[in-house]
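Below is one structure, written out as structure tokens; comments come after it.
The values are calculated or read from the model by the stated rules, or taken from the named source; none is laboratory data. Note that this is a predicted model, so its numbers are computed, not measured. A quick note on method: Cβ atoms are made from the backbone with ideal geometry, for glycine too, and the neighbour counts reach across all protein chains shown. Just so you know, the surface numbers come from the protein's heavy atoms only, side chains and all, with ligands and any DNA or RNA stripped out. Shrake-Rupley method; radii C 1.70, N 1.55, O 1.52, S 1.80 Å.
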Amino acid sequence: GLATNPPPAYPSRARRRAEQGRVIVRVTVGADGLPQAVGLAVSSGHPLLDRAALRAVRLWRFVPAERDGKPVAAVADVPIAFRLTR
């Protein structure tokens, strides 16, 4: 599960270019709830957005998965949408 985490900053260059899209970040969450590995599961098609999503998720905190009542490391896919609002 997710704790409260700040959404990624919209890169200003991507905003100027009107780039939008959805990134799926694959994160290995440790038993301590910290991201151990962060990578791209699905690209948005825009490198700036992909990088912003990866950067943000590296700083996030997660609620670790549990097995037999004990926290364990697990892999999760986190979808992040970049949408321009008028």
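Within the stretch 10-36, the residues that satisfy the criterion of being within 12 Å of the chain's Cα centre (by Cα) and of a type outside the set (V, I, T) are R22, R26, P35. Only residues that are outside any helix (DSSP H, G or I), open to solvent by 70 Å² or more (accessible area, probe 1.4 Å) and closer than 30 Å to S12 by Cβ were counted in the stretch 43-74, giving 2. Could you say whether any residue in the stretch 37-59 is closer than 20 Å to P6 by Cβ, more than 9 Å from the chain's Cα centre (by Cα) and of a type in the set (V, I, T)? No: the stretch 37-59 contains no residue that is closer than 20 Å to P6 by Cβ, more than 9 Å from the chain's Cα centre (by Cα) and of a type in the set (V, I, T). If you go through the stretch 5-42 and keep only what is in contact (Cβ under 8 Å) with a residue 60 or more places away in the chain, open to solvent by less than 30 Å² (accessible area, probe 1.4 Å) and part of a loop (DSSP other than H, G, I, E, B), you end up with P8, E19.
The residue of the stretch 75-86 that is nearest to P11 (Cα to Cα), among those that are open to solvent by less than 70 Å² (accessible area, probe 1.4 Å) and under 13 Å from the mean Cα position of the chain (by Cα), is F82.
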